Each structure stands twice: as C-alpha cells, then as structure tokens.
1. Calculated FRET efficiency, residue A:129 and residue B:161, Cβ-Cβ r, R0 56 Å, to nearest 0.05?
2. How about region A:1-76: which trypsin sites (Lys or Arg not before Pro) there lie in a loop by DSSP and see at most 16 other Cβ atoms within 10 Å?
3. Do you know the relative contact order of chain B, to the nearest whole percent, from alpha carbon pairs under 8 angstrom that are 6+ apart?
4. R0 = 25 Å: FRET efficiency of residue A:204 with residue A:11, Cβ-based, nearest 0.05?
5. Output the antiparallel fraction of DSSP beta bridges having both residues in the protein assembly as shown, as a percent to the nearest 5.
6. Which value in deg cm²/dmol, rounded to the nearest 500, describes the helix-derived mean residue ellipticity at 222 nm for chain B, given -39,500 (n - 2.57) per DSSP H run of n ≥ 4 and division by the residue count?
7. How far apart, in nanometres, would the label points at residue B:257 and residue B:54 be if each is projected 7 angstrom from Cα along the Cα-to-Cβ direction?
8. What is the log10 of I(q)/I(0) for chain B, computed with the Debye formula using one identical point scatterer on each Cα and no solvent, at q = 0.09 Å⁻¹?
Amino acid sequence: MEYVIKASGLNISYGRDEPIITDASMQIKAQEFVFITGKSGSGKSTIIKSLYGELFPNHGSLNVCGIDFKNISSSKLNLLRRYLGVVFQDYKLIDEWTVEQNVMLPLIIGGFSKSVCVKQAHKLLKHVKLLHKINKYPYELSGGEQQRVAMARALAHNPVLILADEPTGNLDTYSSEVIWNLLKGAKEHLGTTVLVVTHNIPSTLGIDYKHYFLEGGVLHEVS
Amino acid sequence: MRSVSSHFSIMISVFVLLFSFQFTNVIKSIVNDYATKIVNDYAIVVVSSNELKEDELKKQIPEIESISEISSKKILDRLKNDMSSKNLALLQVALPKFYSLKLESIPNKKRIEVIKQKLLGITSITRIETFAKTHEKMFKMFLLLQSMVYIFAFFVAFVAVLLIFKQIRIWTYEHNRRMSIMTLFGASFFMKSAMLYRMTLVDSLLSSIAVCALYTIAPKLSIVQAYAAELDIMLPEFNLLVEGGTLVGASIAFALIAVTIVSRKIGRV
C-alpha cells in the first residue's frame, strides 16, 4: 500500500446543504506527516470526518488504508476505523469510563486480551504523563489532560493512520508539547502516517511534513 | 436511585407480560378441566321400547362414549305401596327401557339437536331428554370467562411491551454518546450495544424467575387451594422444566429482539 490516503475531486456537504468541500484531492504516502490548514469554517474538520467515514463524499473517489469508499459496507467501515487513530477536537472520551478504560477502547474493539489492553494503556498513560490519573473519570480532568488521554487512546492500537482534528487547540503549552511529541514519535518510531488539521503549524516541530491549504472548498498543496 | 427505578420498569413490565401469558395458560387449563368435568356429568336420557345396542348407536352417533341402562327398580319400589303386586308385575313388563348416553366431548346446541334427531330416527326410541339449556349456559359462561381473560391479558401484555420498548429507548438515548464513540473506533453493532443487551437480559431473567416462583408457590398456598376447592376447580401444577423453560426462553428472546429493534432504529451513527 503505497498511498495511505488517495482522494480525488471530493465534494462533501452536510445533508442537502451547499457543499463545504467542492474539490479536494490529495495523495498521502505511508509514514508521511501532513498538515491541513485553513481559516475557521473552511471545512478542515469536514475533510477529517470524511476520512473516517462520518461523512461521505457526494462526488469524487476516496481510498483510505486501501479501503475504497465507493459503496462501502458497514463492516468494511468498521474495519477501516480499526486501522485509524482519531483525535477529536472535543476529545470524545466516554464519561462513565475511567481514563484507563478510555485508553483501552480501541484495543477492546480490536479483540486484544485484557492483560495486553492494561499493559498498553499503562505504557501510553506513562508517555502522556497521566499514569497517576489512571482511575479518574474524564470529568475529573482538565481540558489538556483530557486531550492527552484522547491522544493515548488514538495511539493505543498502533494505528496505520492518525487523524487529529485541532489536537492542540485551546491547550496549555505543556499539553501542546506533549501532544506534538507523541505525534512526532508515532511517525518516527512506529512509522505511522499522521494527518493533522490545525490553524497553526508549530514552528519547533523539527520534522519534514507535507502541507495542504484549504480555501473555498478546494485543497491546495503548499510547496 | 434513577438507575434502580429504570431497572424496575423493565422488570415489572416483563413480569406482567410473562404473568399474563402464563395466566392465559392456567385459565385455559382450568376451563379444559371444567369442560371434562361437565362432559363427565352430562348425559342424554333416552326412553326406548326395545333394548338399544351400543355398537349400532355408535355407528350413527360417533361422539357417544358409552351407553348404560337406568334401572327402573327405584320407580317400581316407590309404587309398591300404592299398587298390587300383580299390577306391579304388569307395569314392569309394560315399562319402557331408560338409557343414559355419555358423550366424549361437549356438543354445541346445534350438534345436540342433530344427535336428538338421529336418536328420534330410531323407531324404538320414544322420548329424549338432552338437558341442553343447563349445560349450554354453564359452558358458555366458562368460555366467556376465558375469552375475557384472553382479551384482558392481551391488553396488559400490549401495555407491558410498550413500556419495555420505551425503557430500552431511554437507555439507548442515555448510552447513545458512548455507543457513537465506540462506532467511531470501529465497534460492531453487538459490541456497542452489549451493555443494553446485558441490562435487558438480566432484568428479563430476574422477572421470569419471579414469575416461575409465583406460579410454583401460589397453587400450594392453603388460601388459594381453599378458594379453588370452593369453586370446584383444579389448579394446574406448574411444570418448571417445560413451562418455566418456555417463560425464561420467551423473556430472553423478547429482550434480544426488543434491544436489537430499538438500538438499530436509534443507535445508527
């Protein structure tokens, strides 16, 4: 699988509204680090949503992790989502589950044994410096801590592709630094492809990356 | 507290549903038992100038179970004081034969009339008493009672089903966020609905055990037995293996179907 994401002429809208994305094309190779930037409301999150199948394109072709979106079945979509690690803008942590259980979610879905799930959750929570809050519930954590838990969850099952929607928006410097280091580490050490939607690309990232700019529903590659 | 009451709303509804289902079975059994009792008590009296042969009668009227002659000795004994022995002997010779015809099942009014006409077709038979009115009235009353119980049970069960679906809907909405997050990580339908299945199954199972316990214990209570004896009805014994198994199986099947329908309808993400 040369390309992890292959999108051509995507046209995406919410319901019957006017399309937000009118022509988005991108080709992302394995182990690439990609940024999509653009103004607020330009449709950056819409693109991410279409990549994990929350929204489906009206026109155009889309292939993610070797799975084509044309007439995709729910079982294929579930399979695709198990290849992905998604970091949502609003964290999407399960309130009635502890931090540890939240991190274990993709592993439980993947059918791993409890001991593997626990071991991996502990390892990642140590990485995000939240091992001491393992038994806390999401509502007991700050926004930055919740995002770090979401980050640990996205990495738990060693995904092929990480999709991060504004992962550091509204976060303090320390939490932002932890998140960027984790994303960088995932690319460098695990060979994970990373796609981040953000307002600003951090100046101190220190890795090669590909940059797309979204404007007027069209995705432009910035050279 | 809210969680406990939500469990009770499923448990009580399933209990009512299973209770009404089993109650119709009990009523059916009681009515059938009573019908047998009526059949045993019921007989057609036939007066014939000649002796009647059971085989020949059965050929014409298949529902005849048995035929027995009613002895005229009692009538003659009563007349002993008023008549001379010579006249009594003459009367004994001239007296027709009385028969009691027992049937296999309770015939309806129409069928009784058909039986009557068939019997009258036999030349030796001079008179028939069917007691149709008394028998019809009692049996109809029992059938009416059974129908009323069926209708009542149907409405109770219908309301119970609505309440169960409503509670599962509430649970599905309560867990919708968790289910949608799980969906975004590729959880299958059954995995994300596992909690709903577990809650509904446990509640249904507890209810079915409670219904089984009630129907096992209730007929053994002295107050219930005394009441049944007063009404001259026999309460059927609860077969834990067959009837209990049916109730538990039905409750599990119903829980699975209800959760699948509701969460498929609401939980689409």
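1. Numbers: r = 52 Å, r/R0 = 0.93.
The computed FRET efficiency comes out at 0.60.
2. On the way: sites: A:6, A:16, A:29, A:39, A:44, A:49, A:70, A:76; in loops: A:16, A:39, A:70.
In loop regions of region A:1-76 (DSSP not H, G, I, E or B), the sparsely surrounded trypsin sites (Lys or Arg not before Pro) are A:16, A:39, A:70.
3. Values: 265 pairs, mean separation 82.2, N = 269.
Averaging sequence separation for qualifying contacts and normalising by length gives 31 percent for chain B.
4. Details: r = 36 Å, r/R0 = 1.45.
Taking R0 as 25 Å, the efficiency between residue A:204 and residue A:11 is 0.10.
5. Working: 33 of 53 bridges.
Taking every DSSP beta bridge with both residues in the protein assembly as shown, the antiparallel ones total about 60 percent.
6. Numbers: 11 runs with 188 residues, N = 269.
Roughly -23500 deg cm²/dmol at 222 nm, from the helical runs in chain B.
7. Distance between the two pseudo-spin positions: 4.9 nm.
8. Debye output, listed in q order: -0.65.
Quick note: the coordinates plus some simple rules give every number you see, no bench work behind them. Model, not experiment: these values are computed from the prediction. Quick reminder, even Gly has a Cβ in these numbers, built from the backbone with ideal geometry, and neighbours come from all protein chains shown.
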